[in-house]
Amino acid sequence: AAKADGRRTRRLFEAAMDAALQGRRALERDLRAAVAAEALEVHFQPLVAAGSLAVTGCEALLRWRHPERGFVSPAEFIPVAEETGLIATLGEWVLRQACREAAGWPGGVRVAVNLSPVQFRTPDLVGTVARALAESGLDPARLELEITEQVMLEESAANVAVLHRLRDVGVRIAIDDFGTGYASLSYLRAFPFDKIKIDRSFTMALGREATAVAIVQAVIGLGASLGITTVAEGVETEAQLAALRRSGCGEMQGFLFSRPVPAAEVRRLVAARKAPWMTRPRMAAA
Ligand code: C2E
Ligand code: MG
Ligand code: MG
Ligand code: MG
């Protein structure tokens, strides 16, 4: 009976694996078609100054509206794009769209673009970035590239060299999702980042865990002494906003201000003298 059970479990397991693999293959096929048809969109989410809450920049975030499945999250399709190598084409496309869009925004507003570690293995990442800038006429100082710890883990010496060459082009380099890795602090020694983005999980824990407040304050203090701007991701409540201001956080990003919005909408947003959330009545706690 044990043997029969084992066989049954294995069959179920294999069927589940097949389904997962087929789902992935279907996703890959659809993603290729979407890239070819340019059926993807870049949306933008504002980053705001902690004090004035004025927009300092916007992060470009990929969106895919699948014909049958509806909206597919980048968390789901970016890994598929990375595994299949499609991320090279896709990443370059996002970069060009983002630079072109940002070139039409008011002068002080920056654009942030996420780079996949896989893009660091493509032959000419620096050239791709330089071309996107030249083609759009965007001032390099207004482009911020967000990288994750994965870039610092794999091929770290080669990748750090690429980061220096990108910096030479004049762009700014941010470390994304800071605090989630194993050795975040050592990355600050490996490369002089311009910006630290504190992971959303810390922001979420702010009202609940005293430890989170201590960690966020320590990171902000560290950033300040290194001359690095710190941004808190995922700010959703007035209480989080207040706690981050008390901690001396430089910039914030989150649904409290705006969700990622289509390009046309962000154009109106950055052109307005005051963003909608700047005139909203604040809670007493803020
Ligand atoms: P990320 O770079 O850390 O981007 C921030 C994510 O947090 C976005 O999710 C954004 O919508 C979400 N977010 C912002 N504020 C809030 C908030 O207040 N609450 C909550 N719950 N979420 C918030 P999204 O757009 O789903 O993107 C997920 C991840 O996919 C990104 O994380 C990034 O790693 C990746 N990604 C997105 N676009 C691109 C791209 O063009 N290239 C690459 N390589 N990766 C991308
Ligand atoms: Mg990011
Ligand atoms: Mg992030
Ligand atoms: Mg994140």
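The values are calculated or read from the model by the stated rules, or taken from the named source; none is laboratory data. Fair warning: this is a prediction, and the values are worked out from it, not measured in the lab. Here the Cβ positions follow ideal geometry from the backbone for every residue, glycine too, while neighbour counts run over all protein chains shown.
Taking the range 147-185 as the range and being part of a strand (DSSP E or B), under 24 Å from Ala134 (Cβ atoms), of a type in the set (A, V, I, L, M) and in contact with a helix residue (DSSP H, G or I) (Cβ under 8 Å, 6 or more places away or on another chain) as the test, the residues that pass are Ile147, Ile173.
Name the residues in the range 130-151 that are within 16 Å of ligand 2 (Cβ to nearest atom) and either in contact (Cβ under 8 Å) with a residue 60 or more places away in the chain or touching a strand residue (DSSP E or B) at 6+ places or on another chain (Cβ under 8 Å) (or both), would you?
So in the range 130-151, the residues within 16 Å of ligand 2 (Cβ to nearest atom) come out as 143-151.
Selection gives Leu143, Glu144, Leu145, Glu146, Ile147, Thr148, Glu149.
For residues in the range 186-213 being of a type outside the set (Gly, Ala, Ser) and in a loop (DSSP other than H, G, I, E, B), which is farthest from Ser225 (Cα to Cα)? Can you show your working first?
The initial filter retains those residues of the range 186-213 that are of a type outside the set (Gly, Ala, Ser), namely 187-189, 191-200, 202-204, 206, 208-209, 211, 213.
Going one step further and asking which of them are in a loop (DSSP other than H, G, I, E, B), we end up with 191-194, 199, 206, 208-209.
Numbers: Phe191: 15, Pro192: 12, Phe193: 13, Asp194: 12, Asp199: 20, Leu206: 22, Arg208: 27, Glu209: 25 Å.
Going through the qualifying residues, I end up with Arg208.
Within the range 219-227, at least one residue is surrounded by fewer than 18 Cβ atoms within 10 Å (Cβ to Cβ) and part of a loop (DSSP other than H, G, I, E, B).
Checking each residue in the range 64-97 for being under 22 Å from Leu133 (Cα atoms) and either touching a residue at least 60 places away in the same chain (Cβ under 8 Å) or not β-branched (Val, Ile, Thr) (or both) picks out Leu86, Ala88, Leu90, Gly91, Glu92, Trp93, Leu95, Arg96, Gln97. Condition (residue is within 16 Å of ligand 2 (Cβ to nearest atom), within 22 Å of Leu145 (Cβ to Cβ), surrounded by fewer than 10 Cβ atoms within 10 Å (Cβ to Cβ) and modelled with pLDDT under 95) applied to the range 72-82: is it met by at least one residue? The answer is yes; a qualifying residue exists.
Considered as a group, the residues in the range 167-190 that are at pLDDT 95 or above and more than 16 Å from ligand 2 (Cβ to nearest atom) include one that is farthest from Ala60 (Cα to Cα), and that residue is Asp168.
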